[in-house]
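Asks: Can you read through this structure? Questions will come right after.
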Amino acid sequence: MDRQSDEIVTYYTDRYREDLRLAARPQARLERTRTVELLREHLPAPPARILDVGGGPGEYARDLVTLGYRVRLLDLVPAHVAQARAGHPTVDADVADARALPEPDDSYDATLLLGPLYHLPERADRCRALAEAVRVTRPGGRVLAAAISRFAGPLDFAATGRLDEPMVREAAALLTDGRNDARLGFTHAYFHRVEELLDECRTAGLVELAVDGVEGPAWTAAEAAAHGPMAQTVFDAALRLARVYRTEPALVAASAHLLARGTAPDPSDIDRDRPDLPA
Ligand SMILES: C[S@@+](CC[C@H](N)C(=O)[O-])C[C@H]1O[C@@H](n2cnc3c(N)ncnc32)[C@H](O)[C@@H]1O
């Protein structure tokens, strides 16, 4: 295993309880509610075959199994795979790297990548993970890939009263390099601009691309209000605005997470569009 993968396995095995994350803070509860809504909107109907790459302990995979989908989960972290298998309903799960999926070509109706992209600091690795998702998805099937917005970390620190000098410097540095300073928290990671995410999806071969903002632009207000008397009111308002502004270009990057969706190309469509081929 390379050093980067080793860091991720150690982080999620020894330092962070991913299985508790989505029930915790307002941002995470918004992420969970909106992600489920977006999955229901954009995935083909059950009993479609879904591959959940970087599926973690299986939170979304279990939802999808309950909805009648046939789901297989792959994740780099053995402890997550064990949790996914042990949960109810149980999930068919194995350890694998998003950059080299142990699955045949065209074998799924849709593939999720809700995690690996931000854990891959190099563009070539992210494009490889996206290309693998395209490879295992049948032509015409969907690929949904999550990224963390370039601005999420500093906005979060500001909303929760933790924006100290090192984080202000990090906010400025992120504008140009997008790379997380792991000394300030999390792992080595990459935080996307919307146009970069679209470009990487395009490079991997996806067509019919779009990006939704997941938590909407008012998630920081929900974080700031979390421990006060208006907590639920502000959370509900943030959720409603997340739905309204989900594809508004001026606001998509204000969400903590971006969710790209695209269609795996039909090889015959690609051939038809090639100008070097005779009509
Ligand atoms: C923040 S968690 C997200 C889990 C879940 N998909 C969700 O959205 O709640 C990121 C997940 O991506 C996994 N991951 C990171 N890099 C990966 C890679 N190269 N291949 C497969 N999984 C990876 C991690 O092990 C972790 O389970």
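The values are calculated or read from the model by the stated rules, or taken from the named source; none is laboratory data. All values derive from a computational prediction rather than experimental measurement. Positions of Cβ are generated from backbone atoms using ideal geometry, with glycine treated the same way; all protein chains shown enter the neighbour counts.
Asks: Read through the list (1) at pLDDT 95 or above; (2) over 19 Å from the mean Cα position of the chain (by Cα); (3) surrounded by fewer than 18 Cβ atoms within 10 Å (Cβ to Cβ); (4) more than 17 Å from G262 (Cα to Cα), then give the number of the only condition that A45 fails.
Replies: Among (1) at pLDDT 95 or above; (2) over 19 Å from the mean Cα position of the chain (by Cα); (3) surrounded by fewer than 18 Cβ atoms within 10 Å (Cβ to Cβ); (4) more than 17 Å from G262 (Cα to Cα), the lone unmet condition for A45 is (4).
Asks: Give the number of residues within the range 137-147 that are buried (at least 24 other Cβ atoms within 10 Å of the Cβ) and of a type in the set (A, V, I, L, M, F, W, C).
Replies: Final tally of qualifying residues: 3.
Asks: Select from the range 5-21 the residues that are near the ligand (Cβ under 10 Å from one of its atoms) and free of Cβ contacts under 8 Å to residues at least 40 places away in the same chain and write down the one among them that is farthest from A182 (Cα to Cα).
Replies: Of everything passing the filter in the range 5-21, R21 is farthest from A182 (Cα to Cα).
Asks: Give the residues of the range 112-133 that are within 9 Å of V53 (Cα to Cα) and within 10 Å of the ligand (Cβ to nearest atom), sorted by residue number. Walk me through it before giving the result.
Replies: Here is the first cut: in the range 112-133, the ones within 9 Å of V53 (Cα to Cα) are 112-116, 133.
L112, L113, L114, G115, P116 - these are the residues of the range 112-133 that are within 9 Å of V53 (Cα to Cα) and within 10 Å of the ligand (Cβ to nearest atom).
Asks: Going by the structure shown, is A152 modelled with pLDDT under 95, among the aliphatic types (A, V, I, L, M), within 19 Å of the chain's Cα centre (by Cα) and under 19 Å from A260 (Cβ atoms)?
Replies: Answer is no for this residue.
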